[in-house]
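Dropping the structure in here first, questions after.
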Amino acid sequence: MTTRRDWLLAASVLPLARAGALLASGTVEKGVYRVRGDVRVNGRPAVPGMDVKAGDVVATGPDGEAVFVVYRDAFLVRANSRVEMQGTAGALLVTGLRLATGAILSVFPPGERKTIRTATATIGIRGTGVYVEAEPARTYVCTCYGEADLEPADDPAERETVRTVHHDEPRYVMAKGMPQMIMKAPVVNHTDAELTLLESLVGREPAFAGKGYKSY
């Protein structure tokens, strides 16, 4: 039986090869790179090459998945997601994301500050790879590498800062009423191959590259 992990690893081979060729030629991808299933940008069906900018809304259906680049940031949006790109409408530079539903894997340049918001969390990041899943009662956050401030929307005083190199400190950020607002979590639903693909699209490598870590 083919598992989701098998599919993800197989699906990464061709895009990684193409990304490597682009980097070798000095070209970096912009806009929508890959679309699978129902994906829409501001309500319009997404196609490869379509621009995505600050102020845009990217939404995926039950079978949808999208990979796209905005300036020096790269993103992979899972199925059943709605992502609002924050910043001055029409600008190439996004200041962050609002993830209303679903899941997104993102990579940002070192040292660059962004904010990701969900119903239960505000995540302040400083140039990192981060995977986020948004549910009504909790947010899953894996700071894959880099630094992030995790702040529960219902209790900002419980803020926690995590610093990681290779998926070291995944967390659940909970809604009001839970005995613990930030809880430890496992590494789920994202892979090193996907992070490598995203970073390659903007001419970088993940922080864990070449350091001998076991792959997720």
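Across region 150-171, what is the number of residues that are in a strand (DSSP E or B) and surrounded by fewer than 16 Cβ atoms within 10 Å (Cβ to Cβ)?
Step one: filter region 150-171 for residues in a strand (DSSP E or B), giving 150-152, 160-164, 171.
Cutting the leftovers down to surrounded by fewer than 16 Cβ atoms within 10 Å (Cβ to Cβ) gives us 160-161, 163.
Result for region 150-171: 3.
So, VAL188, is that one part of a loop (DSSP other than H, G, I, E, B) and either over 14 Å from the mean Cα position of the chain (by Cα) or closer than 14 Å to VAL130 by Cα (or both) or not?
In short, yes.
Consider ALA134 carefully, then state whether it is surrounded by fewer than 23 Cβ atoms within 10 Å (Cβ to Cβ) and among the small types (Gly, Ala, Ser).
So ALA134 does not fit the description; no.
While we're on this one: Hey, among MET174, MET178, which residue is at negative phi, of a type outside the set (D, E, K, R), at pLDDT below 95 and surrounded by 14 or more Cβ atoms within 10 Å (Cβ to Cβ)?
On the way: MET174 fails: at pLDDT below 95.
On inspection, the qualifying residue turns out to be MET178.
ALA207 fails exactly one of the following numbered conditions: (1) surrounded by fewer than 15 Cβ atoms within 10 Å (Cβ to Cβ); (2) assigned to a loop (DSSP other than H, G, I, E, B); (3) not polar (S, T, N, Q). What is the number of that condition?
Failed condition: (1).
Then there is this: I'm trying to understand the selection: among the residues of region 126-140, which are touching a residue at least 24 places away in the same chain (Cβ under 8 Å), within 19 Å of GLN86 (Cα to Cα) and either among the acidic types (Asp, Glu) or touching a Lys or Arg at 6+ places or on another chain (Cβ under 8 Å) (or both)?
GLU133 - this is the single residue of region 126-140 that is touching a residue at least 24 places away in the same chain (Cβ under 8 Å), within 19 Å of GLN86 (Cα to Cα) and either among the acidic types (Asp, Glu) or touching a Lys or Arg at 6+ places or on another chain (Cβ under 8 Å) (or both).
If you don't mind, there's one more thing I want to ask. Kindly check whether there is at least one residue in region 82-102 that is out of contact with any strand residue (DSSP E or B) (no Cβ under 7 Å at 6 or more places or on another chain), among the polar types (S, T, N, Q) and over 25 Å from ASP192 (Cβ atoms).
Checked region 82-102: at least one residue is out of contact with any strand residue (DSSP E or B) (no Cβ under 7 Å at 6 or more places or on another chain), among the polar types (S, T, N, Q) and over 25 Å from ASP192 (Cβ atoms).
Then there is this: Tally up the residues in region 104-116 that are surrounded by fewer than 22 Cβ atoms within 10 Å (Cβ to Cβ) and in contact (Cβ under 8 Å) with a residue 24 or more places away in the chain, please. I'd like the intermediate steps shown before the answer.
Initially, region 104-116 is screened for residues surrounded by fewer than 22 Cβ atoms within 10 Å (Cβ to Cβ), giving 109-113, 115.
So of that shortlist, the ones also in contact (Cβ under 8 Å) with a residue 24 or more places away in the chain come out as 109-110, 112, 115.
The qualifying residues number 4.
Would you be able to tell me the number of residues in region 41-73 that are surrounded by 17 or more Cβ atoms within 10 Å (Cβ to Cβ), of a type outside the set (Gly, Ala, Ser) and not in a loop (DSSP other than H, G, I, E, B)?
Final tally of qualifying residues: 9.
So the check is Cβ under 6 Å with 6+ separation or different chains; which pairs have a first residue in region 74-85 that's at pLDDT 95 or above and crowded, with 23+ Cβ neighbours inside 10 Å and a second one that's in a loop (DSSP other than H, G, I, E, B) and not hydroxyl-bearing (Ser, Thr, Tyr)?
Cβ pairs passing all conditions: ALA74/VAL202; MET85/ALA54; MET85/ASP56; MET85/VAL94.
The values are calculated or read from the model by the stated rules, or taken from the named source; none is laboratory data. As the structure is a prediction and not an experimental result, all values here were calculated from the model. Because the Cβ atoms are built from the backbone with ideal geometry, glycine has one as well, and the counts that use them run over all protein chains shown.
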